[in-house]
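First the structure, in the form of structure tokens, and then the observations on it.
The values are calculated or read from the model by the stated rules, or taken from the named source; none is laboratory data. Bear in mind that the values here come from a model prediction, so they are computed numbers and not experimental data. With ideal geometry, Cβ positions are generated from the backbone for all residues, glycine too; neighbour counts draw on all protein chains shown.
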Amino acid sequence: MKKLGFGFLLVVFFSSCGGSWIPTEVDATMGNQSKTFIDENPDQFKIIAPEEAPYAYKRLEAIRDAILASGAVKHKDDFAWELKIVHEDSVLNAFCLPGGYIYVYTGLIKYLESEAALAGVIGHEIAHADERHSVQQTIKNMGIGLLLQYVLGVDNSGLLNMGANLLSLSFSRSDESEADALSVKYLYPTPYDARGAAHFFEQLEKDKQTEQMLEFISTHPNPENRVQEIEKVWEELGGKKGELFKEEYQKTLKDLP
């Protein structure tokens with residue numbers, strides 16, 4: 001009972017640390033499980049091979065590489081940061097699994113009007129993985145019992161097997177705000193307009209898309225004043241104007257099936 005009591009105190013303490021105590025290998029395991037699920041369900045996730053859209057992959061990977069080279073990604077060398085394009089024009093979404101597995105839907109790519117806007121969304125998704133939001137949310141959803149088992153080394157299979165459920169995981173409003181701000185910080189040292197994510201939200205507002213129509217919003221709560229908060233972070237960094245790269249983006253769109 002003494003061991004159990006000590007373990008319980010460890011859980012209380014570590015829970016207050018927001019999950020930062022958990023080794024990054026857990027992110028990789030959970031992300032790999034979801035990646036395996038995606039690979040095994042090609043009818044649901046139609047992954048475009050790089051040779052089928054070489055220019056599109058080149059441009060999206062350039063966005064990813066610019067973000068990773070910004071110096072602001074904490075787990076740049078810890079995660080895989082693999083990028084895949086999903087062929088589904090009806091879905092306006094992108095996500096990044098724990099461990100750095102990035103998926104971008106053609107519906108989102110074709111909806112946006114500039115490469116900078118896409119860079120803003122990709123930066124936002126990378127921030128979720130880099131800040132380990134999915135791992136933190138999973139721990140909260142699992143409850144203290146299973147977390148206690150993990151700390152004591154009794155049975156960690158319950159934690160690791162949660163990876164298959166990450167595709168429907170929702171983020172908190174604070175997670176969303178943090179990811180928005182980090183997207184700006186990631187892009188600020190790059191040639192891109194660091195307000196890229198704001199351009200995306202402005203376009204949604206202009207087109208008056210509803211939450212029911214957007215899978216992105218279903219897993220990313222939409223706090224108010226999102227564009228204004230992004231602008232605020234950008235101004236605090238110095239308000240440097242970057243490029244939209246619209247011409248290159250048109251070539252990307254033409255390269256997609």
Inside segment 174-198, can you point out the residues that are buried (at least 21 other Cβ atoms within 10 Å of the Cβ) and in contact with a strand residue (DSSP E or B) (Cβ under 8 Å, 6 or more places away or on another chain)?
192, 193
Residue list for segment 104-125, restricted to those being touching a strand residue (DSSP E or B) at 6+ places or on another chain (Cβ under 6 Å) and more than 19 Å from residue 78 (Cβ to Cβ):
104, 105, 108, 116, 119, 121
From the list 171, 201, which residue is at pLDDT below 95, surrounded by 13 or more Cβ atoms within 10 Å (Cβ to Cβ), within 27 Å of residue 135 (Cα to Cα) and touching a Pro at 6+ places or on another chain (Cβ under 7 Å)?
171
Testing residue 69 on (1) over 30 Å from residue 189 (Cα atoms); (2) at pLDDT 95 or above, one condition comes back false. Which one is that?
(1)
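Please determine whether any residue of segment 240-256 is over 19 Å from the mean Cα position of the chain (by Cα), modelled with pLDDT under 90 and exposed (fewer than 14 other Cβ atoms within 10 Å of the Cβ).
Going through segment 240-256, the residues over 19 Å from the mean Cα position of the chain (by Cα) turn out to be 240-256.
So of that shortlist, the ones also modelled with pLDDT under 90 come out as none.
No - not one qualifying residue is present in segment 240-256.
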Criterion (surrounded by fewer than 20 Cβ atoms within 10 Å (Cβ to Cβ) and without any contact (Cβ under 8 Å) to a residue 12 or more places away in the chain) met by exactly one of 89, 65, 78:
65
Would you be able to say whether some residue in segment 22-29 is at pLDDT below 90, among the acidic types (Asp, Glu) and surrounded by 14 or more Cβ atoms within 10 Å (Cβ to Cβ)?
yes
Out of the residues in segment 212-239 meeting the condition of being outside any helix (DSSP H, G or I) and either in contact with a His (Cβ under 8 Å, 6 or more places away or on another chain) or crowded, with 16+ Cβ neighbours inside 10 Å (or both), tell me which one is modelled with the highest pLDDT.
220
Among helices (runs of 4 or more DSSP H) entirely within segment 21-123, at least 2 residues that are closer than 24 Å to residue 178 by Cβ and within 18 Å of the chain's Cα centre (by Cα) occur in 24-39, 54-68
